1. Looking at this structure, is residue 216 open to solvent by less than 20 Å² (accessible area, probe 1.4 Å) and in contact (Cβ under 8 Å) with a residue 60 or more places away in the chain?
2. Can you go through 325, 356, 337 and tell me which one is modelled with pLDDT of 95 or more and either over 30 Å from residue 237 (Cα atoms) or touching a helix residue (DSSP H, G or I) at 6+ places or on another chain (Cβ under 9 Å) (or both)?
3. If a residue must be assigned to a helix (DSSP H, G or I), open to solvent by less than 90 Å² (accessible area, probe 1.4 Å) and under 16 Å from residue 259 (Cβ atoms), how many such residues does region 359-378 contain?
4. Could you please tell me which pairs satisfy a Cβ distance under 7 Å, a separation of 6+ or placement on different chains, a first residue in region 281-295 that is farther than 13 Å from residue 313 by Cβ, and a second residue that is of a type in the set (Asp, Glu) and part of a helix (DSSP H, G or I)?
5. Condition test on residue 346, is it open to solvent by less than 70 Å² (accessible area, probe 1.4 Å), assigned to a strand (DSSP E or B) and modelled with pLDDT under 95?
6. Collect the residues in region 238-250 that are open to solvent by less than 40 Å² (accessible area, probe 1.4 Å) and either in a helix (DSSP H, G or I) or of a type in the set (Ser, Thr, Tyr) (or both), keeping them in residue-number order.
Amino acid sequence: MGQRLICCLDAPSALQPPPLLPVRRKLLLLGIMLFLWLYMFYSCAGSCASVPGLAGRPAGEAAATAGAHGEGLQVLSKLLRRAPAGGAQGLAGPAAASPSEEQSAAPDPTSPISSFFNGSGTKKLPQAIIIGVKKGGTRALLEFLRVHPDIRAVGAEPHFFDRNYERDFAWYRDLMPRTLDGQITMEKTPSYFVTKEAPARISAMSKGTKLIVVVRDPVTRAISDYTQTLSKRPDIPTFESLTFKNRTTGLIDTSWSAIQIGIYAKHLENWLLYFPIGQILFVSGERLISDPAGELGRVQDFLGLKRIITDKHFYFNKTKGFPCLKKAEGSSKPHCLGKTKGRTHPNIDREVVQRLREFYRPFNMKFYQMTGHDFGWD
């Protein structure tokens, strides 16, 4: 009798619960991890209201977001109660939450957290525009500026204020990238600077628009302009023949666009009818090559941004002859402008070059006076 009692005491009792199976322990751990993750997810919904571009929601939506904390906890409690009791089915099987429960657990598609993951921000008309000049270095400047986290820019040239103005501002705004609060929307179209109607049209959009002009030695700029055209149309006349109305008299043909664009003072007069000189920044195309970080520092100051783009972002490419980015926007790889940039210029008759320098000199002097900056082209 005593031996039988000892034997019974040593045997597992039928009243004791069986040991927790490894699968159930894993499911319990999974449930706890899921609880913590989703709790952090719903907690973020309230704090994300302070993220730039996610603020300014209606009061009703804000209240709904605040209520999501308790709602999320209720759903998570149901999930955790099922996990140990129902094994694998407790999370994914027939005992899963009903459609109504799943719907209550899902974030509101209009909530800030959903907006954040789906691509937040709004499209705005540009607050700053690179208006010129062609072959001055506008593409390089735009690519450099896009490295800044507070600048969002259109890659292609919209040509809204010169070629597409018959379309409305809604069409123009739709071309812009989405931006968050505090970010600047930009675009660049170099032909604006020489378009007579552009100043009035941009002023009509916003008198506070900041304007950036990249200028370059007008003689070098004209040769670069010609080189670009020559690459597309090899049969065009020589640079020398296009420069003069009459080479014997030395009369310059100012109707040729390659020459006309370089008369910066004349074009600037038109812009000053609508914008104060302090609202226009003049970037040196030469310094953009020799000291890109210095010129970018001036641009960032002009736009009211922190100087984030510095020397560490650039390296000099000897093959192309100009600076390139160590890391482009959204990439970890070095980036140089395409093959169309940095073309070798044809040899131009020295007498023609000297005659052009004499032609541009008085216009350059006037431009220096108007801008308060000597670009050193003479």
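The values are calculated or read from the model by the stated rules, or taken from the named source; none is laboratory data. Values in this document were obtained by computation on a predicted structure and should not be read as measured data. Cβ coordinates were reconstructed from backbone atoms using ideal geometry, including for glycine residues, and neighbour counts include every protein chain displayed. Protein only, heavy atoms only, side chains kept; ligands, DNA and RNA dropped before computing areas. Shrake-Rupley method; radii C 1.70, N 1.55, O 1.52, S 1.80 Å.
1. It is false that residue 216 is open to solvent by less than 20 Å² (accessible area, probe 1.4 Å) and in contact (Cβ under 8 Å) with a residue 60 or more places away in the chain.
2. 356
3. Counting residues in region 359-378 that are assigned to a helix (DSSP H, G or I), open to solvent by less than 90 Å² (accessible area, probe 1.4 Å) and under 16 Å from residue 259 (Cβ atoms) gives 6.
4. Listed by first residue and then by second, the contacts come to 283/295; 284/295; 287/295; 288/295.
5. no
6. Those that are open to solvent by less than 40 Å² (accessible area, probe 1.4 Å) and either in a helix (DSSP H, G or I) or of a type in the set (Ser, Thr, Tyr) (or both): 239, 240, 243.
Condition check ((1) out of contact with any strand residue (DSSP E or B) (no Cβ under 9 Å at 6 or more places or on another chain); (2) in a loop (DSSP other than H, G, I, E, B); (3) farther than 25 Å from residue 327 by Cα; (4) free of Cβ contacts under 8 Å to residues at least 24 places away in the same chain) across all residues:
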{"residue": "139", "(1), (2), (3), (4)": "no, no, no, no"}
{"residue": "149", "(1), (2), (3), (4)": "yes, yes, no, no"}
{"residue": "152", "(1), (2), (3), (4)": "no, no, no, no"}
{"residue": "155", "(1), (2), (3), (4)": "yes, yes, no, yes"}
{"residue": "160", "(1), (2), (3), (4)": "no, yes, yes, no"}
{"residue": "186", "(1), (2), (3), (4)": "no, no, no, no"}
{"residue": "201", "(1), (2), (3), (4)": "yes, no, yes, no"}
{"residue": "204", "(1), (2), (3), (4)": "yes, no, yes, yes"}
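Here is a yes/no grid of residues against (1) open to solvent by 50 Å² or more (accessible area, probe 1.4 Å); (2) touching an Asp or Glu at 6+ places or on another chain (Cβ under 9 Å); (3) in a helix (DSSP H, G or I):
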{"site": "171", "(1), (2), (3)": "yes, no, yes"}
{"site": "207", "(1), (2), (3)": "yes, no, no"}
{"site": "212", "(1), (2), (3)": "no, no, no"}
{"site": "223", "(1), (2), (3)": "no, no, yes"}
{"site": "228", "(1), (2), (3)": "no, no, yes"}
